[in-house]
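Colleague: Please find one structure pasted underneath; my questions will follow.
The values are calculated or read from the model by the stated rules, or taken from the named source; none is laboratory data. Just so it is clear, the structure is predicted and the values come from calculations on it, not from any experiment. When we count neighbours, we look across all protein chains shown, and the Cβ atoms used for this are built from the backbone with ideal geometry, even at glycine. Accessible surface areas use protein heavy atoms only, side chains included; no ligands, DNA or RNA. Shrake-Rupley method; radii C 1.70, N 1.55, O 1.52, S 1.80 Å.
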Amino acid sequence: MAARLLLRAGKSLALAGTAVGGGGAAVAIATSDDPQSTLKLFTNVPLRLFRNSVTAAAIAFVRVANVMSSDYEYSLWGLPEGSVERAKVKHEVHLRSARRLQELCFKNGGIYIKLGQHIGQLVFDEFDPVPLASASLAQVHVARTRDGQKVAVKVQHTHLTDTAAADYATVGLIVNTLHWLFPSFDYRWLLDEVRESELDFLTEAKNNEKCLENFQKLSPHVAGYVYAPRVYWKLSTSKLLTMEFIDGVQVNDVKAIQRLGLQPSEVAKLVSQAFAEMIYKHGFVHCDPHAANLMIRPLPSSSRSIFGKRKPQLILLDHGLYRELEPPMRINYAALWKGLVFADAKAIKENSVKLGAGDDLYALFAGVLTMRPWNRVVDPAIDHLVLEGNDNDRSELQMFASQYFSEISELLSRLPRVILLMLKTNDCLRSVNHALGSSLETFLIIGRVSSEAILKAKMLENKSLLRSINIWLEEVLLEARFLGMQMILWLLHLRRALYWS
């Protein structure tokens, strides 16, 4: 009955459009500059509406024993969720409906063909309903495009945008209440970071491409060793991101890295190099480099050495959280880290104050950055910043955190929000570095890249001949210093090797 009514409705709509509009149509045709085209318009529209109604009725309704139900509802009736039979029947209904729509587009022609082409470009040939990975904002599925390309599809969780406002309000209530009850516990800055969590996947896609462009332009010597999945823009929206699927292993999976013929120490150096370039030279930083967002694969263009080893390539995933370091802040932060690597107390204090720590909390800021007490921060030993991860280190850190809890809260409330994100980035990288063996060379990489950024900034400030000579002399002295540190590092490695042998 419902199908018959719907079919009648289509016929009635066509007839009514012709009858009611008959007088108006005659007038329109008679007064038109192009009577022939106008006549086609008034005769084709009702016919197209009728075809649309018939196709919709065929998809939406079927008659079984004088009972009307949707094709999907009837065909899937009684088949358990998740069963092979249900999946097979559902695919058949999809195919049946698609063919009806295809026939409609062919009959109507014109814009319907164009519409069909656009729809055809958005349909994946295969789509695995089981997520490959799931996180707080989205989950990732493996799919295959119509032209056979294997892709990773990141899908935002349902109703995430609708619940975001309520989530922000809840976090705000908790943070503000805690601050009211315990004034020293001031984490209101955290609320601002939560509020700015990126929910637009198109922005993430732009970050992805900008990151790689920066490596090509500003760090060409590293660019080939850093990669991000290619974005399929035509298959992406603000809530769905389609990217190239890349095989690799997680950056902290040491055994899997070794099975690929890669050395964990080389991976650690590459991660440190890539993020040092982003922080100190690009000023555009991936601020969520935890292990799940960093993958490693053999460099596609590399071959195995005589020892069976290959060069690594770092794959950067999840580009939703980026922050920009403006030039003055970037250079101050670089100068601070250069001071930390070289145990330069004066430079550490000067740049900590410039970044907002103040004359009273600069030593604490250095401690938070390095996870070392001040006497270790200014220790001239080459390995003064290395955390061994043993029980002594852990107990020292726990005592440090509990002893200076209120001061740490005060420090975090003073620092610019972008520096707070740098702290998070620093912690993530420290964790990755520790999993890969806490190489001493990673700190030398930080010292070198931060020094290069500072020298380049000095050169841009003043391009006079005298300035250039001074900068050249400074570069020579720095190279001599790094050479000496490398020799000491080599001797340390040799001593450790002899000790364990």
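Colleague: Kindly establish whether R323 is under 30 Å from D253 (Cβ atoms), at pLDDT below 90 and open to solvent by 40 Å² or more (accessible area, probe 1.4 Å).
Modeller: No.
Colleague: In the stretch 485-499, is there at least one residue being touching a residue at least 60 places away in the same chain (Cβ under 8 Å), among the basic types (K, R) and out of contact with any Asp or Glu (no Cβ under 7 Å at 6 or more places or on another chain)?
Modeller: no
Colleague: Pick from F405, F443: which is open to solvent by 20 Å² or more (accessible area, probe 1.4 Å), among the aromatic types (F, W, Y), modelled with pLDDT of 85 or more and at negative phi?
Modeller: Criteria check complete, one pass: F443.
Colleague: Take R417 and tell me if it is crowded, with 18+ Cβ neighbours inside 10 Å, modelled with pLDDT of 80 or more and among the basic types (K, R).
Modeller: No.
Colleague: Further question on the same structure: Among the strands (runs of 3 or more DSSP E) lying completely within the stretch 212-303, list those that include at least 3 residues that are of a type in the set (A, V, I, L, M, F, W, C) and either open to solvent by less than 10 Å² (accessible area, probe 1.4 Å) or within 16 Å of K154 (Cβ to Cβ) (or both).
Modeller: Here the list reads 240-244, 294-298.
Colleague: State which residue is farthest from H282 (Cα to Cα) when the search covers only the stretch 450-477 and only residues that are small (G, A, S) and assigned to a helix (DSSP H, G or I).
Modeller: Result: S468.
Colleague: I'm trying to understand the selection: among the residues of the stretch 54-102, which are at pLDDT below 70, outside any helix (DSSP H, G or I) and surrounded by 14 or more Cβ atoms within 10 Å (Cβ to Cβ)?
Modeller: F61, V62, M68, S69
Colleague: Considering R467, R448, R376, R430, which residue is farther than 22 Å from F342 by Cβ and open to solvent by 30 Å² or more (accessible area, probe 1.4 Å)?
Modeller: Result: R467 is the single residue among R467, R448, R376, R430 that is farther than 22 Å from F342 by Cβ and open to solvent by 30 Å² or more (accessible area, probe 1.4 Å).
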